[in-house]
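Here is the structure we will look at.
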C-alpha cells in the first residue's frame, strides 16, 4: 500500500502545483523583487500548499497506524495556515513564532514526541526531565526556521529538504522504522513533484507555506527517528541538516559581529556568497545540493561509527565547515580565525 501512496503523492504534486500557481495570483500571494531577492519579476508563491496537499493525499492512501499521525497532521495545518497568511499578507515574525510554538506544542503534548533522555557515550543516561519540553520546542522551531532561511534561490530549499529527507529515510530503513521511512519518502516525492516547477528558472516559489511546512515535518520526523537514543544518534539529525543549521548559525554570528539584530534579514547567506564569488544561479544551487549530500552521507557514516570514530568525524566536519565559511566570507570578510592562525604559522 505504501508504494501506491508514494506514486499517488508524486502525481498529485505534479497536478496540484499549476492549480496552486493560479490560486497564488488570484489571492495576491506573490513575491515582488527587492534588494535581497535574486529574481527580477513578480513570482507566485504559496507552492508549499501543493506539497502539503500531495503529502496529505499520500497519507490518506497509506493510512498509517501510528498514533502520532493525527497530532502531526493537525500541527501541520497550523503551520500551513501561518505560511499561507504570510505568503498573502506578510505577517509579523512574532505571529509566525506564535504559530510555530502552537504547532510544536501539539506534537509534543498530544503526539508525545520529545527528547526525553540520551545515553552518554562513556556510560550513563542524561534524563532531561522538565527540560525535555523546552529543548524539543527549541529544536522544532529552530529547524522550521532554518529551512526557511535557505529558501533564497530557485529549487534550493526543496532540493536541500529532499536530500535531508532521503538521509532520514535511509536512517529509518537501517533502524527498521517503517513509519518514519514512508513519511520521509512521501515528503520527498511530494517535494520532487513540485521541484519540476521550482528548479531554475522557477515558475513558482514554495513561499513560507512550503519552507515552514518542510522544516516543521523534518524536525518532527528526525525526533521520531532518533527518540530516546544515544548522544551519538542525537548528533545525526544535526549533521543531516548541516546546510540550513550552519547557514543559520553563521548568519547569527555575522550579524552579531556587525552589531546588527541577530534575526535581521540580510544578503549574505550561503547562496548569496556563492553568487557574489561568481557562480551562476544554477551552479550555486547544485553546489549546495552537493554540500547537503555530503552532510547526508556523513550522517549515515556517523551512525555506523564507533564512539572515537564518530568524535573524529565531527572534528573533521567542524574544521571543514569553519574553513569553508572563512574562505567564502559567510560570517563576514573580517571573520578568519582559522586562516589567520595558519598564516601565523
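Compared with the direct C-alpha span, the chain from residue 203 to residue 22 gains 64.1 nm at full extension, assuming 0.36 nm per residue. In terms of packing, defined here as the mean over residues of other Cβ atoms within 10 angstrom, the peptides 135-146, 91-102 line up highest first as 135-146, 91-102.
With neighbour counts taken as other beta-carbon atoms within 10 Å, the residues 171, 224 rank, fewest first, as 224, 171. The GNM of the chain, with springs linking C-alpha atoms under 10 angstrom apart, assigns the highest mean-square fluctuation among 304, 294, 206 to 304.
Mean residue ellipticity at 222 nm, helices only, the chain: -24000 deg cm²/dmol; runs of at least 4 DSSP H residues each add -39,500 (n - 2.57), and the sum is divided by the number of residues. The label point for residue 342 and the one for residue 258, both projected 7 Å from the Cα toward the Cβ, are 2.4 nm apart. Which one, 330, 274, 89, has the greatest fluctuation when you compute a Gaussian network model over the chain with C-alpha springs under 10 angstrom? In the Gaussian network model the winner is 89. Can you bin every Cα-Cα distance in the stretch 1-112 into 10 Å intervals starting at zero and give me the percent of pairs per bin, rounded to whole numbers? Values per bin, smallest distances first: 14, 33, 35, 16, 2.
Hey, in the GNM for the chain with a 10 angstrom Cα cutoff, which one of 67, 237, 44 fluctuates hardest? Top of the fluctuation ranking is 67.
Protection proxy ranking for 188-197, 47-56, using the average of other Cβ atoms within 10 Å per residue and placing the highest first: 47-56, 188-197. Annotation for the stretch 83-101 versus the stretch 305-335: alpha-carbon center distance of 33 Å.
Assuming R0 = 45 Å, can you tell me the calculated FRET efficiency for the pair residue 279 and residue 81, based on Cβ-Cβ distance, to the nearest 0.05? Mind dumping the intermediate values first?
Working: r = 36 Å, r/R0 = 0.81.
That pair, residue 279 with residue 81, gives E of 0.80.
Mean sequence separation of contacting Cα pairs (under 8 Å, at least six apart), scaled by the length of the chain, corresponds to a relative contact order of 21 percent.
Computed from the coordinates by the stated procedures, all read-outs in this text should not be read as laboratory data. In this text the structure is predicted, and so the values were computed from the model without any measurement. For neighbour counting, all protein chains shown are included, and Cβ atoms are generated from backbone atoms with ideal geometry for every residue, glycine included.
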